[in-house]
Amino acid sequence: MIAFNKYYNQFNILSISLVVISLFLLTFKGLNFGIDFKGGTLIELRSTDSKINVSSLRDNLNSMNLGDVSVKNFGNETDFLIKFEINNNKNIIEEIKSNLDKSFGNTFDFRRVENVGPKVSAELLKSGVIAIAVALTLMLIYIWIRFEWQFSLGAILALFHDVLVTLGLFSLLGLEINLSIIAAVLTIVGYSMNDTVVIFDRVRENLRKYSDIKIYDLTNISINETLSRTLITSITTLLALLSIFFFGGEILKGFSLAMIFGVIFGTYSSIYIANTVLVRLRVSQKTVLREDESN
């Protein structure tokens, strides 16, 4: 049996440090919002000239005063994804076409052009924040109904930890936040909650089963009893996500990376945050007995 409970204090200090650092980064550095949230134009290009690369294309576009320009390979080496700040010039796409034709010849096929205005992007950001807040609130209510309030508090703290640290990492690395990242965060919430509920179920069963074991040791027993399930679920999920990250193309890298962070933090928090809250609040057999009587 692995003695997870021996390291509760050390990992609690680590978690608090990570949350504080994440809050500092989110406050002072902020997030790198993509076109979905700050507005702008997205262009998907395909070139017939394999000699054209990201650097030459970026240098050419930077000379046009388009604001912050991002150029990445999209799929093949001849496919490019271009993002730049919104421009009020209605003929900007024609100007870009003309400029690229002069510099590289008629080698580009404009496969997709999308524009997101500032009003729409603000609404999308607001909707994304509301979606995450509603998900966390509903999870809190669900755990409160299914378990006692001590379990609910442990689960919600674990969820806040996972979301904050994941966003903190995105801020630190300067990775782009778009709608797919919001979807990843919501998925992380569900994954982390599922992992926590499995352990909590076993803790509750063991509270009924062992009347002479304190919660400090009982949580450790419960974690070990569900460890094989946790590892199998986490490892198989990570294998799928790593495949998406390395072979899914540029468009899926942000989503898969957020999910990878989330799976790792979700597994960690279900062990070292959710359970340590039960230990700190000194949950006992009386907690389960009160719940049984109320039902």
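Things to note:
- Every pair of residues 6+ apart whose Cβ atoms lie under 7 Å, when the first sits in region 253-266 and is farther than 17 Å from Met193 by Cβ and basic (Lys, Arg) while the second is assigned to a helix (DSSP H, G or I) and open to solvent by 10 Å² or more (accessible area, probe 1.4 Å): Lys253/Phe245
- On the stretch given as region 249-282, residues that are of a type in the set (Phe, Trp, Tyr) and either over 14 Å from Val189 (Cβ atoms) or not assigned by TED's automatic domain parsing to the domain that holds Leu173 (or both) total 3.
- Residue within region 14-25 that is assigned to a strand (DSSP E or B) and open to solvent by less than 70 Å² (accessible area, probe 1.4 Å) present: no
- Of the residues making up region 193-213, those that are under 15 Å from Phe265 (Cβ atoms) and either within 11 Å of the chain's Cα centre (by Cα) or without any contact (Cβ under 8 Å) to a residue 12 or more places away in the chain (or both) number 1.
- Meets criteria (open to solvent by 60 Å² or more (accessible area, probe 1.4 Å), part of a helix (DSSP H, G or I) and in the same structural domain as Gly262 (by TED's automatic domain parsing)) for Val197: no
- Residues of region 162-175 that are open to solvent by 10 Å² or more (accessible area, probe 1.4 Å), touching a residue at least 40 places away in the same chain (Cβ under 8 Å) and assigned to a helix (DSSP H, G or I): Leu164, Leu167, Leu169, Leu172.
The values are calculated or read from the model by the stated rules, or taken from the named source; none is laboratory data. These figures come from a predicted structure and were not determined experimentally. Backbone-built Cβ (ideal geometry, glycine too); neighbour counts: all protein chains shown. Ligands, DNA and RNA are stripped out before the accessible areas are found, and what is left, the full protein with its side chains, is counted by its heavy atoms. Shrake-Rupley method; radii C 1.70, N 1.55, O 1.52, S 1.80 Å.
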